[in-house]
Each structure stands twice: as C-alpha cells, then as structure tokens.
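Trainee: Starting off with a structure, shown below.
The values are calculated or read from the model by the stated rules, or taken from the named source; none is laboratory data. This one's a predicted model, so the numbers in the text were calculated from it and none came from an experiment. Here Cβ is always computed from backbone atoms with ideal geometry, including for glycine, and neighbour counts include all displayed protein chains.
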Number of protein chains: 4
Amino acid sequence: MTLQLVRRQVCELHAELVRYGLVVWTAGNVSARVPGEDLMVIKPSGVGYDELTPEAMVVCDLDGNLVAGDYAPSSDTAAHAYVYRHRPDVGGVVHTHSTYASAWAARGEPVPCVLTAMADEFGGEIPVGPFALIGGDDIGRGIVETLDGHRSPAVLMRNHGVFTIGRTAKAAVKAAVMTEDVARTVHLARAYGEPVPIDGKDVDALYDRYQNVYGQRSTTDGAIVR
Amino acid sequence: MTLQLVRRQVCELHAELVRYGLVVWTAGNVSARVPGEDLMVIKPSGVGYDELTPEAMVVCDLDGNLVAGDYAPSSDTAAHAYVYRHRPDVGGVVHTHSTYASAWAARGEPVPCVLTAMADEFGGEIPVGPFALIGGDDIGRGIVETLDGHRSPAVLMRNHGVFTIGRTAKAAVKAAVMTEDVARTVHLARAYGEPVPIDGKDVDALYDRYQNVYGQRSTTDGAIVR
Amino acid sequence: MTLQLVRRQVCELHAELVRYGLVVWTAGNVSARVPGEDLMVIKPSGVGYDELTPEAMVVCDLDGNLVAGDYAPSSDTAAHAYVYRHRPDVGGVVHTHSTYASAWAARGEPVPCVLTAMADEFGGEIPVGPFALIGGDDIGRGIVETLDGHRSPAVLMRNHGVFTIGRTAKAAVKAAVMTEDVARTVHLARAYGEPVPIDGKDVDALYDRYQNVYGQRSTTDGAIVR
Amino acid sequence: MTLQLVRRQVCELHAELVRYGLVVWTAGNVSARVPGEDLMVIKPSGVGYDELTPEAMVVCDLDGNLVAGDYAPSSDTAAHAYVYRHRPDVGGVVHTHSTYASAWAARGEPVPCVLTAMADEFGGEIPVGPFALIGGDDIGRGIVETLDGHRSPAVLMRNHGVFTIGRTAKAAVKAAVMTEDVARTVHLARAYGEPVPIDGKDVDALYDRYQNVYGQRSTTDGAIVR
C-alpha cells in the first residue's frame, strides 16, 4: 500500500467517527501504520473533520516526529506512536471522547461483558487504564499495559476517553464504534437492576466464533489476532 | 414476486434499520421468505450497510444452506431459517441490537405494555426469550417458543438483542422500529415512578382496532394475523 | 388560502416532525383548518412520511367525514375534528408520540415549568389529559377540557402521547417541537435533584413578553392568543 | 474584515448550532463583534435556521440598537451587547438552550471538571449564573460577573440555558459545542457513582497545554486569552 493510499484511508475513516457520533469539533483521531515502514499517518491537530483531505494527513515516524505534511500532527501523536512501537501486531489506532464510554471512564469503571455483542468483539470487559497526562509516553504506556492481559481492543483511559487498536485502522474504528455502542447499552441496562452476567465459557465460545467464523473470508476487517 | 424483487426489497429495508438508528457497523439483518418457494433472502455476513446491493443479497434454503449469492450468509441465518420452517405465516424476520431494547434484554426483563402504541402494535408486553448461543437452532427455537402465546411480533433474546417477525419483511422492520421506540419511552418513563398500567380490555380494544382498521385497505404492511 | 396551499403546507409540516425526531414510521400527524370553511386537511392513515405529497393529503369536514382525497384519513381524525369544532381560535393541530413527552404521559405526570423556554411557550406546566380510547370523541374532549384553564398549547394524553394546538398549523408544530425539547430537558434535570422552581410572576412576565414581543411583527408563527 | 464577511460568518456559524443539535426551532443565536467598530452582527428574532442568509443578519450598536438590517434583532441582543461593552477581549457570543447543559442550569448546579476535555477547554468547572429576566441588562451582567474569576468561556444561566464567549465567534461556537458535550458526559457519568475528581494541578497543566500548544499555529480558533 502506497503512502498516498494510507493517507486516503485515514482521511476517510475520520468520516466514520463523525457518522457514528463519536466525536465533536476536532476531538478524536485515527492513525494507521504504513505497511513495511516505521511510519504512521495521523490527523493534523485542531483541524475540523469537514476540512480533512488525504493531503492534509500528517506522516510521522514511530517516535512521533513529523516526517511529511503541511500541518502539525495530532496532539495525541505520542500515544499512537508508543502503541505502534510496542505492539507490532497493531496496524491502526483510534482515539475518541465518545459520550457513554467517557462516562464510564470518568468513574474509572470497566464495562462488564453482559451482551453477546461484547463477547463477540471484546471477549470480556472493556478495561480501564490509568489517569495520564498528555504530551509524553504516559498515555501510550497506559494503553499498552492495560490491554496486555485483555482480549479487548479498547481501553477506557480514566477521566479521558477511549483508545482502540486493530490489525487495520478500519478494525480499530470498528472497535471504537462498538465500544460506544455497548457502553451505551450497558449504561442503560443498569438503570433498573444489574444485567444478567454471561458465563465465562459462553463468552469464550462467542469470542472464538466471532473472531474466526464471522464475516467474509476475504475480509480485511478482522480484530487483533493474538 | 420474482427473486430479484425480493433481493431488492431486502436490500432496501436494511437502509431503514440504518435510518432509524437500530444498527451500527454490520450488526443487524433483514430476511424475507421467497413467496411460493422454500427459500429466503438474507444479508451477507459482515458487509457494511453502505455496500449492500440487491446482487449482494444471499439466497438460502430454509435449512440455512447457501443456494445462490457471492457471499457467505449472515451468521444469524440459522435463526431466521428456523423461524421460517416453524412459522409458515411469517414472511419476514429482522434482527437488531437496538440500544434500549437490548438494555431490557440484558436485564432479561420484558417491556410492559404502558403505551397505547404498544397495545396497537404488540397487543401486550414484549417478552424475553432465553439466552442462546449462535450457530445452531437454539436462537430460532427460543424465538418461536417465546412468541407462541404472545401477540407481540418482537422478542428480546436475553443478553443479546431483538428478533421481530411479520407477514412481510416490511412489517417485521416496522416491528423492529416500534420495539426500539417503545423500549426507549418505557425505559424513560420508569425513571421517576412506575408508569400507569393500561387495563387488559383496553389493550385488547386498541390491538383489535389497530390490526383491523388502521392504515389503507390496500396496505401490504400489516402485522402477523393469528 | 386555497385548499391546494393548505394541502402543501400540511404535507411540508410533516417533514418537520421527522426532522425533529418526533415521529417514527407513520405514528404522528398534522392537520390544518381550511380558512373560511368548515373543513380540515389531514394526513392519510398509515402512509409513510417519505411518501407524502400534497395530493395525498385528505380533506375532511369538521365531523371527520371524508370530503376529498384518495386515501382514508388518519385514525386520529376524530380527535382533530373535535378540537376544530370546539376551539374556533385553533387553526392547526399536531399529534405525536415523541419520546420524552410520552414518558411523562405514561406516568400521567405534568411537566413542571422550570425553564424560561417553558414559561415563554407554555406559560406554565404542560398538563396531562385523561386516558381515552381512539375512535370516538373521547380523545378530542380530553384535549379541549384539559387545555381549558391552561396557557399551554400542548397536552400529554395519559399513556398515549402529545396533542398540540396553534393559531396556525405551523404554530402547532412549533409547540410539538418545544414540548419534546422541554420534556427532555426537565426529565434530565430531575435526575440529580429537583429543578429550581420559577416564580409565578416571572413565568407571567416571560410568557407575556414572548407572546407579544418575540419574533418579527409580520410573523404568522404565533401561539394561541386568548 | 468587512461587515459583509462578518454577516456571512455569523450566518454560517448558526448552521453549526443546528449540526451539533444545540438548538431547536429558533431558540439560539450567535453574534460577532465587527472588528474595529462599536458594532455587532446578530441573528434576527424568530427566524428559522433554514431561512438565514447573510443579508438577513442584523447589525446593532453595542447598546443593542438596530443599525442596519431588514429584521428585528434577536430578543437576546441586550445580553450580547452587554458582554461586548464589558469584555473588549470578546469577539463572539453564543446562546443556546442545549439539552444537557440546560438540565444542569435548571438545577442551578455547575458542571464539575472530571474530564480532561473539560480541563482543556474550560480550565475547571462550568459555573452557574443567576436567574435573570430577559429584556434589560440583567442577563448580560449575570454572564460577565459569573465568568469573572473563572477560566470557563461558558456560563449556565439558572433555569435558562448557556451563554459562551470567545476571542472569535467561531471560538464561542466551539465552546457551546464542548459545553453540551461535557455536560452530557458528566451527567451520564454520575448515574452510577461520583466521577473521579482531577487534581487541580493536573487541570492547570491540561488547560495551559491546550490553550498554548493544541492546534495549528495559524489557527484563528483559539479560546479567550486572559
């Protein structure tokens, strides 16, 4: 995949964040690893989603340094870069402040796995990572360390929002969409009593089936394989 | 109705699921029985709603085996097929994880009939079916057994989501839309005290009138007649 | 205003119900009195909002009998007709099952006036009318009797939904939009304690100003003047 | 910037209020100071957002008197004018009744700073101003006095809604969008326990960084600099 194709894909995937209502104004971003190179493509900082073009996307190395592009990269670039450096299986990273997921994050509470759709996509709870200030490696480290030991491609960073990973940027966007969807449903479910838990072995069966059977065999939209 | 017309109708009805916010990403599907044949048309698995075309729709027999189509059928095909085999009056089946309905399903709690619109469309509560794993006949059997003895064209499958049936696929889509609408309204109503119950005889009167008087006489949009 | 103009206006106003999310499928309707005649124009029963055209609108007399049109009139026609017969100042009537307003209606609880926007438009609480079955004069009578003694152009019919009135059909649509808006805001406000009441004299001052000063002098969009 | 450019910008920014769901019908407005002159451009009163054109925008002096335009100015003009007279650093003012923010306002409760996005944009809580009747200087004075001593560009006026300020009208619109976004997230977060507080020094660090590092250096979209 040429760099130009990656730029176009990253640009187009931001439109999915808007379509699914995961972002307002400029608060959320998608990045993709450039296959075969130590580079990533990411959103420029503070630019509105309507104004994004493939050319406006920014190319950085995996330390977050600007390599090519007319704009300064997203202020979340360091976190994305940390993930790419420490997780070679990850091809895409997404960050949002989507509403219901951020509400769980504000309480520092993981989303329990009480929906078959959660078992499918997350293989268990969506975990919570630490409070971390922007600007250095703290957020990235919090993401990687929290996801280690979970099947979930999503982590709720405390008082902050959501980071998701995927084998591709599209898979990371899907994980971000599903995170908000299940965070909302489980939030509502709890209003009148605790949701019924799903047995661990059923969660395992659902997760295994979804990761291995669901979709078309030629899909490029799979989740992280571990 | 030719097979091509059924494919187009099933394709177009998926757009209604999107329009009414009942689905995200690829999680939800519509099927229709092919009139006069032991066949059904259903969504391909894992394909986005934007990419659906009449040609992409999949034709299966009523055991869920692929008969025609370029894609693998929805992973929910076995459940749809079970319903068609056991309910000859059913011409369409819809499955969603719509938010409020799935929240009731996560608690395993039926939606009580406290709105005239519920009496009209559902003739009583929206019942809850069992927890069932995907892949065999368990979901289909849970749908059919739960709806037996209810006037509701919708069932909340525990920890999972909604299945609806109709004389036509359009009627099943309408039932899915109404399920989410009333699940949301009753969820909100309960926030500050229990909603006022509706007398059983008033529920009967409303249901009978709606099923027999509402709409245009030439409509093809009716609910299940029992 | 010719009958054709009224048909077009009523058709177009249904699109506002859709735009503001007050209706799903076919559940909601607008009517307008034909100026200078004992006639009303109303939505046909069970026809989707996308399929509405000025020609599809139905003309009825003020007893609800069909006068002109290719379709059967809305099943709510008797209620609209009752209002026109008993309230000569009313030029438009709207009915919806909008979500938050219907949630208050399901509890049979009026929306208290705790927002300046409510004082402006409703001049006090939004009252609750009785439970009434569709088909005769019960709903219409419930609307008229409940609104008598309130400044509100909206009434929540118990376990049912909203009816609004206006000097024009557009004003009634505006009242329906504002009803859902304030029903939602006050619902949310109560989640963490009671909203602060507004003094009666301040409600009066806000209502008087809004009804008499707000907007452009040539507006045709005013509320009911009593 | 010529007057015509300001009119166009103010017209276009109203579309952002609609896009982000902050307003219904005609209830919300944007104004901008005309650079280098004692003038402001504001929405006409009671005109729908679809009907707004640059030419329909109204020019007033900073006492709220009509200077140019075919329509009567917004009924909130006096409040906007008061802010411009007392805050020479302010170039734009926005007023909405956005749902979640107005729910906090109805309880008279500030939104606590429990999200990093709040620390970024507001530098602390979103404060509550007094109940004030429309028509004189009371609302404007309440806005200015409440924002004095807060870093927040937004104030919740009790029982009423939101006013935001910005160095530009676009920055004020952004603040209105972010106000509703964080008011909603924190509302939801509280449903199941108190959100985790953010340390004051972390709030300071986040605010300082966001105001000084975020975005592109050439941006005209900054917040108020004090």
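Trainee: Which of the residues that make up region D:49-73 are within 12 Å of another protein chain (Cβ to nearest Cβ), in contact with a Ser or Thr (Cβ under 8 Å, 6 or more places away or on another chain) and part of a loop (DSSP other than H, G, I, E, B)? Outline the logic, then answer.
Mentor: Going residue by residue through region D:49-73, those that are within 12 Å of another protein chain (Cβ to nearest Cβ) are D:49-51, D:56, D:58, D:69-73.
Still in the running and in contact with a Ser or Thr (Cβ under 8 Å, 6 or more places away or on another chain): D:49, D:58, D:71-73.
Within region D:49-73, D:Tyr71, D:Ala72 meet the criteria.
Trainee: Moving on to the next point. Taking region D:18-34, which residues are under 28 Å from A:Ala27 (Cβ atoms) and more than 14 Å from chain C (Cβ to nearest Cβ)?
Mentor: Within region D:18-34, D:Tyr20, D:Val30, D:Ser31, D:Ala32, D:Arg33 meet the criteria.
Trainee: For region B:49-62, how many residues are in contact (Cβ under 8 Å) with a residue 24 or more places away in the chain and of a type in the set (Asp, Glu)? Reasoning before the result, please.
Mentor: From region B:49-62, those in contact (Cβ under 8 Å) with a residue 24 or more places away in the chain are B:49, B:52-57, B:59, B:62; that's our starting set.
Still in the running and of a type in the set (Asp, Glu): B:55.
The number of residues fulfilling the criteria is 1.
Trainee: Further question: Which one of these does D:Glu16 not meet: (1) more than 14 Å from the chain's Cα centre (by Cα); (2) of a type outside the set (Ser, Thr, Tyr); (3) surrounded by fewer than 21 Cβ atoms within 10 Å (Cβ to Cβ)?
Mentor: Going through (1) more than 14 Å from the chain's Cα centre (by Cα); (2) of a type outside the set (Ser, Thr, Tyr); (3) surrounded by fewer than 21 Cβ atoms within 10 Å (Cβ to Cβ) one by one, D:Glu16 breaks only (1).
Trainee: I'm trying to understand the selection: among the residues of region D:146-164, which are farther than 19 Å from D:Arg19 by Cα and in contact with a Pro (Cβ under 8 Å, 6 or more places away or on another chain)? Can you show your working first?
Mentor: Of the residues in region D:146-164, the ones farther than 19 Å from D:Arg19 by Cα are D:146-160.
Listed by number, the residues that qualify are D:Thr146, D:Leu147, D:His150, D:Ser152, D:Val155, D:Leu156, D:Met157, D:Arg158, D:Asn159.
Trainee: Follow-up. Of the residues A:Gly21, A:Gly46, only one is assigned to a loop (DSSP other than H, G, I, E, B), of a type in the set (Gly, Ala, Ser) and touching a residue at least 40 places away in the same chain (Cβ under 8 Å); which? Show your work before the answer.
Mentor: Working: A:Gly46 fails: touching a residue at least 40 places away in the same chain (Cβ under 8 Å).
None of the others qualify; the one that does is A:Gly21.
Trainee: When the residues of region D:40-76 are filtered to those that are hydroxyl-bearing (Ser, Thr, Tyr) and surrounded by fewer than 24 Cβ atoms within 10 Å (Cβ to Cβ), which remaining residue is farthest from the chain's Cα centre (by Cα)?
Mentor: Filtering region D:40-76 for residues hydroxyl-bearing (Ser, Thr, Tyr) gives D:45, D:49, D:53, D:71, D:74-75.
Still in the list and also surrounded by fewer than 24 Cβ atoms within 10 Å (Cβ to Cβ): D:45, D:49, D:53, D:71, D:75.
Working: D:Ser45: 18, D:Tyr49: 17, D:Thr53: 21, D:Tyr71: 23, D:Ser75: 16 Å.
By that ranking, first place goes to D:Tyr71.
Trainee: If you don't mind, there's one more thing I want to ask. For region D:104-222, which helices (runs of 4 or more DSSP H) that fit wholly inside it have 2 or more residues that are touching a residue at least 24 places away in the same chain (Cβ under 8 Å), crowded, with 24+ Cβ neighbours inside 10 Å and at the interface with another protein chain (Cβ under 10 Å from one of its Cβ atoms)?
Mentor: On the way: elements: D:116-122, D:138-147, D:169-189, D:200-212.
Answer list for region D:104-222: D:116-122, D:169-189.
Trainee: If C:Pro88 satisfies all but one of (1) farther than 23 Å from B:Lys170 by Cα; (2) surrounded by 19 or more Cβ atoms within 10 Å (Cβ to Cβ); (3) not β-branched (Val, Ile, Thr), what's the number of the condition it fails?
Mentor: C:Pro88 satisfies every listed condition except (2).
Trainee: Every residue in region A:24-39 that is in a strand (DSSP E or B) and buried (at least 22 other Cβ atoms within 10 Å of the Cβ), please. Reasoning before the result, please.
Mentor: Step one: of region A:24-39, the residues in a strand (DSSP E or B) are A:28-33, A:39.
If the condition is that a residue be in a strand (DSSP E or B) and buried (at least 22 other Cβ atoms within 10 Å of the Cβ), then A:Gly28, A:Asn29, A:Val30, A:Ser31, A:Ala32, A:Arg33 are the ones that fit.
Trainee: Here is a further query. Could you check B:Met40 against (1) over 28 Å from B:Leu156 (Cβ atoms); (2) away from chain A (no Cβ under 13 Å) and say which number it fails?
Mentor: (1)
Trainee: Hey, another quick one. Just a yes or no: is a residue in region B:74-82 aliphatic (A, V, I, L, M) and within 14 Å of another protein chain (Cβ to nearest Cβ)? It would help to see each step written out before you state the result.
Mentor: The first filter runs over region B:74-82 and keeps only residues aliphatic (A, V, I, L, M), leaving B:78-79, B:81.
When the remaining residues are screened for being within 14 Å of another protein chain (Cβ to nearest Cβ), the result is B:78-79.
Looking for residues that are aliphatic (A, V, I, L, M) and within 14 Å of another protein chain (Cβ to nearest Cβ), one finds at least one in region B:74-82, hence yes.
Let's see how each residue does on (1) farther than 30 Å from B:Arg151 by Cβ; (2) at pLDDT 95 or above:
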residue: B:Gly46; (1), (2): yes, no
residue: B:Leu52; (1), (2): yes, yes
residue: B:Gly64; (1), (2): no, yes
residue: B:Asp70; (1), (2): yes, no
residue: B:Thr77; (1), (2): no, yes
residue: B:His80; (1), (2): no, yes
residue: B:Val90; (1), (2): no, yes
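Trainee: Of all the residues that make up region C:15-41, how many are among the acidic types (Asp, Glu) and under 14 Å from B:Asp181 (Cβ atoms)? Even if it seems obvious, please write down each step before you answer.
Mentor: Pass one, region C:15-41, residues among the acidic types (Asp, Glu): C:16, C:37-38.
This time we only want the ones that are under 14 Å from B:Asp181 (Cβ atoms), so: none.
Of the residues in that region, 0 qualify.
Trainee: Same structure again: Working only within region B:1-46, note down all residues that are within 23 Å of A:Val213 (Cα to Cα) and among the small types (Gly, Ala, Ser).
Mentor: Passing the criteria: B:Ala27, B:Gly28, B:Ser31, B:Ser45, B:Gly46.
Trainee: With the requirement that a residue be part of a helix (DSSP H, G or I) and either touching a His at 6+ places or on another chain (Cβ under 8 Å) or closer than 18 Å to C:Pro153 by Cβ (or both), what does region C:86-103 give you? Working first, answer last.
Mentor: Pass one, region C:86-103, residues part of a helix (DSSP H, G or I): C:86, C:99-103.
C:His86, C:Tyr100, C:Ala101, C:Ser102, C:Ala103 - these are the residues of region C:86-103 that are part of a helix (DSSP H, G or I) and either touching a His at 6+ places or on another chain (Cβ under 8 Å) or closer than 18 Å to C:Pro153 by Cβ (or both).
Trainee: Within region A:117-148, work out how many residues are aliphatic (A, V, I, L, M) and in contact with a strand residue (DSSP E or B) (Cβ under 8 Å, 6 or more places away or on another chain).
Mentor: Of all residues in region A:117-148, those aliphatic (A, V, I, L, M) come to A:117-119, A:126, A:128, A:132-134, A:139, A:143-144, A:147.
Imposing the further condition that a residue be in contact with a strand residue (DSSP E or B) (Cβ under 8 Å, 6 or more places away or on another chain) reduces the set to A:117-118, A:126, A:128, A:132, A:139, A:143, A:147.
Going through region A:117-148 one residue at a time, the tally reaches 8.
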